[in-house]
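Presented below is the structure to which this report refers.
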Amino acid sequence: MEVAHAGLMTPVGPLGVAVSERGLCRVGWARHQISRTAGSAVARAAVEQLQAYFAGELRTFDLPLDWSFATGTRLAVLQALYTVPYGTAVTYGELAELSGTGAPARAIGGIMGSNPMPIVVPCHRVIAHDGLGGYSGGGDGYEGREVKRWLLTLEGALPPTLDWDPAGLAPAPT
């Protein structure tokens, strides 16, 4: 299976995308900006849609997705997550119910932590019943929970704090 790669700089750090012949199969934080854009039309569209999302201009991704990496409960949960609308949040328990899997909240958290397409399959929209919950997103110098808070604020699911900057997060000093 041939995979095309592309990348972009975002307000929450550099992201890389990977696209198979079936569609988008990976979005991930990169250690450094990936400046190349693959010849794949879907890879170019993924970069363009992510740029529009981070600019506040896109609320729904319409990319073909390659779900072949997941089966069973994991697939059901991620596909249910994909339907959670922009600007909203659900708890881990609510996502379990939405997926129809009966998976416990802790298992839902594990699935969120291994989501291969964050942002597009919006695991940042899943919160704990008593607060923000965790987030494994964010690259070098970007703390996961702060990335989650920034994304939820961008979408209007959280009110902006006085220090929220629409230009993005500054990497933490190392």
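Considering the range 137-154, the residues that are outside any helix (DSSP H, G or I) and in contact with a Pro (Cβ under 8 Å, 6 or more places away or on another chain) include one that is farthest from residue 113 (Cα to Cα), namely 141.
Anything in the range 38-69 that is of a type in the set (Gly, Ala, Ser), crowded, with 18+ Cβ neighbours inside 10 Å and over 15 Å from the mean Cα position of the chain (by Cα)? List them, or say none. If the condition is that a residue be of a type in the set (Gly, Ala, Ser), crowded, with 18+ Cβ neighbours inside 10 Å and over 15 Å from the mean Cα position of the chain (by Cα), then 38, 40, 43, 45 are the ones that fit. Scanning the range 119-133 for residues that are in contact (Cβ under 8 Å) with a residue 12 or more places away in the chain, more than 14 Å from residue 80 (Cα to Cα) and in a loop (DSSP other than H, G, I, E, B) turns up 119, 129, 132, 133.
Restricting the range 85-114 to residues that are assigned to a helix (DSSP H, G or I) and under 14 Å from residue 72 (Cα atoms) leaves a set whose member that is nearest to the chain's Cα centre (by Cα) is 111. Taking first residues from the range 28-53 that are farther than 10 Å from residue 17 by Cα and at pLDDT 65 or above and partners that are assigned to a loop (DSSP other than H, G, I, E, B) and among the basic types (Lys, Arg), the Cβ contacts under 8 Å between residues at least 6 apart in sequence or on separate chains come to 53/59. Selection of the range 85-105 for residues being within 25 Å of residue 28 (Cβ to Cβ) and out of contact with any helix residue (DSSP H, G or I) (no Cβ under 8 Å at 6 or more places or on another chain) yields 85, 86, 87.
The values are calculated or read from the model by the stated rules, or taken from the named source; none is laboratory data. Everything numeric here is computed off the predicted structure, so don't read it as measured data. Note that we place each Cβ from the backbone using ideal geometry, even for glycine, and neighbour counts take in every protein chain shown.
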